[in-house]
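Each value in this text was obtained by applying a stated rule to the coordinates, not by laboratory testing. Every value quoted in this text rests on a predicted model; they were computed, and no experiment measured them. Counting neighbours? That spans all protein chains shown, and the Cβs are built from the backbone with ideal geometry, glycine included.
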Amino acid sequence: MRRVCPRRLCIYIMTSEEPTSLLPSHIAIIMDGNGRWAQAQGKKRVQGHKVGMERARDIVAHCGKLGVQTLTLFAFSSENWSRPEEEVGFLMNLFVTGLTRESKTLHKNNVQLRVIGDVSRFDKKLQAAISKAEDLTRNNKGIVLQIAANYGGKWDIIQAVNKLISKIPNKSLAEPVTEQMLESELVGSDLPHVDLMIRTGGEKRISNFLLWQCAYSELYFSEKLWPEFNETALDAALSEYSNRQRRFGQTSEQVMAEQTK
Ligand code: IPE
Ligand code: IPE
Ligand code: MG
């Protein structure tokens with residue numbers, strides 16, 4: 001039996017009277033370590049991106065089966081443009097072929113695909129592939145898959161502020177901006193906040209990913225390089241997550257009392 005706790009937007013999987021495990025509503029993953037993985041195999045860095053894409057496909061399918069509502073994958077940051085031209089070019093082509101090849105399967109599996117980030121910097125061919133895949137899957141009711149491409153958490157906050165400003169008719173009479181107002185303009189504002197943020201590749205930083213949306217996320221850092229991060233590795237992260245106590249500023253006792261209500 002499933003019980004949804006609206007305040008926290010988390011789902012308790014009930015096998016008995018008490019919740020036995022917690023499934024995050026929203027998982028965000030910084031898929032890091034492709035280049036190092038390839039280099040360790042004596043291959044070019046870009047080969048790591050190719051295998052990394054296969055892992056992403058497996059993880060999407062696994063999350064869909066588990067009943068995760070939203071999965072956000074960091075594919076290309078606003079800072080990744082500063083990589084060697086050849087690597088950036090390879091990644092752009094990989095996005096086009098990946099979107100074209102995978103969108104039918106995603107659609108068949110009821111996945112709703114959204115690309116988040118400043119897509120206007122991509123070339124027309126990639127922008128067209130993005131729109132086509134988004135249009136095809138728009139009405140799907142299964143897992144929402146957000147691919148963060150040319151995404152930066154700072155960009156997201158700034159674009160939200162600018163949207164708010166454009167909505168103010170007489171700027172001298174502007175009301176103070178509230179958290180709710182700003183939040184409603186961020187990308188994915190209709191989706192739950194990130195419950196679990198995973199970073200592979202051993203680094204312990206957020207690197208300008210969902211800065212606002214991860215305010216109370218549980219952070220999980222894996223030493224595995226992204227091409228090695230399979231379903232079992234995700235299950236290990238979910239298992240650790242289910243044992244964390246999320247307090248949102250409350251005391252441990254308050255949280256326990258609420259759970260037994
Ligand atoms: C993450 O892997 C993928 C992208 C940033 C596109 P990296 O390419 O950063 O791999 P490492 O960190 O150099 O090993
Ligand atoms: C973060 O990885 C971005 C993506 C996974 C797309 P990076 O490899 O770019 O992050 P830094 O530069 O090491 O922080
Ligand atoms: Mg990296």
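Entry note, the chain: the mean residue ellipticity at 222 nm calculated from DSSP H runs of n ≥ 4, each adding -39500 (n - 2.57), is -13000 deg cm²/dmol after division by the residues and rounding to the nearest 500.
Below 8 Å, C-alpha to C-alpha, sequence gap of six or more: please give me the relative contact order for the range 28-242 in percent. The normalised contact order for the range 28-242 reaches 28 percent.
Name the residue farthest towards the positive end of the dipole of the range 28-242 from the options Thr232, Leu126, Val194, assuming +1 on Cβ of Lys and Arg, -1 on Cβ of Asp and Glu, about the Cα centre. Ranked along the dipole, the leading option is Leu126.
Using a simple spin-label model with pseudo-atoms 7 Å out from Cα toward Cβ, Ser166 and Arg57 lie 3.6 nm apart. The listed peptides 30-38, 150-158, 204-212, ordered by packing as a protection proxy, come out as 30-38, 150-158, 204-212 (highest mean of other Cβ atoms within 10 Å first). Note on the range 217-257 and the range 67-86: Cα centroid distance 21 Å, given to the nearest whole angstrom.
Note on Glu203 and Val119: the extension gain reaches 27.6 nm, defined as 0.36 nm multiplied by sequence separation minus the Cα-Cα distance.
Each principal axis of the range 28-242 carries a Cα extent, and these read 61, 42, 35 Å when sorted largest first.
For the range 175-230, GluC sites (Glu not before Pro) are listed when DSSP marks them as loop and at most 11 other Cβ atoms sit within 10 Å of their Cβ; the list is Glu223. Computed from backbone phi, the HN-Hα couplings of the range 234-247 come to 5, 4, 5, 5, 5, 5, 5, 4, 5, 9, 7, 9, 9, 9 Hz, rounded to whole numbers (Karplus: 6.51 cos²θ - 1.76 cosθ + 1.60, θ = phi - 60°; Gly and Pro given as x).
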